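The values are calculated or read from the model by the stated rules, or taken from the named source; none is laboratory data. For clarity, every value in this text was computed on a predicted model and none was experimentally measured. Here the Cβ positions follow ideal geometry from the backbone for every residue, glycine too, while neighbour counts run over all protein chains shown. Each accessible area value is taken on the protein alone, full model and side chains, heavy atoms only, with ligands, DNA and RNA left out. Shrake-Rupley method; radii C 1.70, N 1.55, O 1.52, S 1.80 Å.
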Amino acid sequence: MKLGRIAIAWVLLLLAAAAALFLFFFERYTEERDRGFGPEARRNPYLAAEQFLTRVGIRYRRADNIAAVSALGDNDVLFLTSSSQIYNASRGQELLGWIEQGGQAIVIAHGSDADNEQDYLLDMLGLEIARGEMDLYFNQQVREVFGDEITEIEIKKTSDMMRDHNRKLAEREKNKEKENEDAADSAEETAQENIEPRNPDIDPERLINLTSDSGASYALFFDTAKVFTHEMMNGEYTDTQIEGNRLHWVPFQRSTTQSPLVHYEYGRGRLTLMADGGLWRNHRIGDFDHAYFLAHLVGERELVMITRPHFDDLGTLAQRYALEFFVAGLLALMAWIANRSRRFGPMTPAPASERRSLLEHIRACGHFYWRNDRAAQLFEKARAPLLQKLSGQPAHMAQQLPPEKQRQIAESVAERSGLGRDDIYTVLWASPPHSEEDFTARLRSIQIIEAAL
């Protein structure tokens, strides 16, 4: 019993010593890890832009769809994330009418590949969407993997590129082991290496530098996946006139026939078209002067953002226009009752169905064939079997019998049928009839001859 108490005391003593050593050598530190965008930023790709506008004191509000143009004032700036929201000419005319009165609009070109899809603004300005220069230099995912070596990727194969990259990684690991002699210097160098630059590593020639009227300069990096082209973009001019209004474009340094940004001065307002829709999204608004360029375009006005178009469903429309629906239904019901109700006074008897006799039908058919010059054809088909039967030869050959033979056949038929020889000759070998009476008489003679034979 005494040994058990001693063992418990030693165990407690060791635990206390271990706890003291742990608390003495334990050091707390904080590590920050980038977990990507939060739920709100994933739902709203322009959340960073809204926060920036709030910080610099620019007012903004959201709108549901392009129908909000009718309620905009002259001191507003409209931001459309896709030109496809202007889905017909009337909406486009409404937008241009507001711009002409002094409004300003910033529109991202949609640029669909569908042949039957029309972009009203681009067609009006004579602009087209084309595919710009696409190379690995702009691929952000590849840049994150290879870092500063991205400039060498364009001239190497994939296998050589991966082999060189792995070799350089191995060399860096060896150099780190040799250079980590001084802990303080190593920690400082590591901290400097972990500091990410504000702007991505971009060739200055690929940037577009704009200078405002006040002298402020803005460096912008546009993605060249989609660019504007115009028939006047020949490298000599940067603007043209469309219906008396100035159209100005900002070309690239390397390609003067393509532009990512177009300004159209219309009336007292201005329309800004951009081919790159991601300039002010969360992942790029912090690069270069993108955010400040947005503030420059808005100025001291209020920004109206249509980023996620929303249209009312049928239930909402029914609630909003319930009175109109009720009145329309009531009028339709009254009109139906009036149409189905009984009229005053005696009803008009239904007219008797018109029917004609068989003889009238035959007469109508005969007149139809006679007017369409079918009498001669009918007559030839009626006497052809009779000629073949009397001559024993085909009808076309019986028409060419000698006169003596024809007289013999006519005399023989006349004796049997009781008709005159001249009448039989006329029926069998004369030209087709040219009057209704002659046609009827000859067909009657054919019937008498067939009955006699």
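Brief remarks follow.
- Ala17 being surrounded by 10 or more Cβ atoms within 10 Å (Cβ to Cβ), of a type in the set (A, V, I, L, M, F, W, C) and out of contact with any Gly (no Cβ under 9 Å at 6 or more places or on another chain): yes
- Identity of the residue in segment 54-68, assigned to a loop (DSSP other than H, G, I, E, B) and aliphatic (A, V, I, L, M), that ends up surrounded by the most Cβ atoms within 10 Å (Cβ to Cβ): Ala63
- Residue in segment 281-288 that is charged (D, E, K, R), within 30 Å of Asp239 (Cα to Cα), open to solvent by 80 Å² or more (accessible area, probe 1.4 Å) and modelled with pLDDT of 90 or more present: yes
- Taking every residue in segment 427-453 that is open to solvent by 40 Å² or more (accessible area, probe 1.4 Å) and pairing it with any residue that is aromatic (Phe, Trp, Tyr), at least 6 positions away or on another chain, the pairs with Cβ-Cβ distances below 9 Å are Glu436/Trp370; Leu443/Phe379.
- Note on segment 69-102: residues that are assigned to a loop (DSSP other than H, G, I, E, B), under 13 Å from Leu271 (Cα atoms) and either touching a Lys or Arg at 6+ places or on another chain (Cβ under 6 Å) or free of Cβ contacts under 8 Å to residues at least 40 places away in the same chain (or both) total 1.
- Inter-residue pairs, beta-carbon under 7 Å, first part of a helix (DSSP H, G or I) and in segment 371-394, second open to solvent by 70 Å² or more (accessible area, probe 1.4 Å), 6+ apart: Ala375/Tyr369; Leu378/Tyr369; Leu386/Glu450
- Just one residue in the set Ala275, Ala291, Ala219 is out of contact with any Pro (no Cβ under 8 Å at 6 or more places or on another chain) and either under 20 Å from Arg131 (Cβ atoms) or buried (at least 19 other Cβ atoms within 10 Å of the Cβ) (or both); that residue is Ala291.
- Residue among Pro45, Pro39 that alone is open to solvent by less than 60 Å² (accessible area, probe 1.4 Å) and out of contact with any helix residue (DSSP H, G or I) (no Cβ under 7 Å at 6 or more places or on another chain): Pro45
- Test: residue in segment 335-356 that is under 21 Å from Tyr60 (Cβ atoms) and either modelled with pLDDT of 80 or more or surrounded by 13 or more Cβ atoms within 10 Å (Cβ to Cβ) (or both): no
- Residue within segment 74-82 that is within 13 Å of the chain's Cα centre (by Cα) and either modelled with pLDDT of 90 or more or open to solvent by less than 30 Å² (accessible area, probe 1.4 Å) (or both) present: yes
- Pairs where the first residue, in segment 197-215, is closer than 9 Å to Gln253 by Cβ and the second is modelled with pLDDT under 80 and not in a helix (DSSP H, G or I), C-beta under 8 Å, 6+ apart: Glu205/Gln253; Glu205/Arg254; Arg206/Gln253; Arg206/Arg254; Ile208/Gln253
- If you filter segment 396-419 down to residues that are hydrophobic (A, V, I, L, M, F, W, C) and open to solvent by 30 Å² or more (accessible area, probe 1.4 Å), you find that the one that is nearest to His434 (Cα to Cα) is Leu419.
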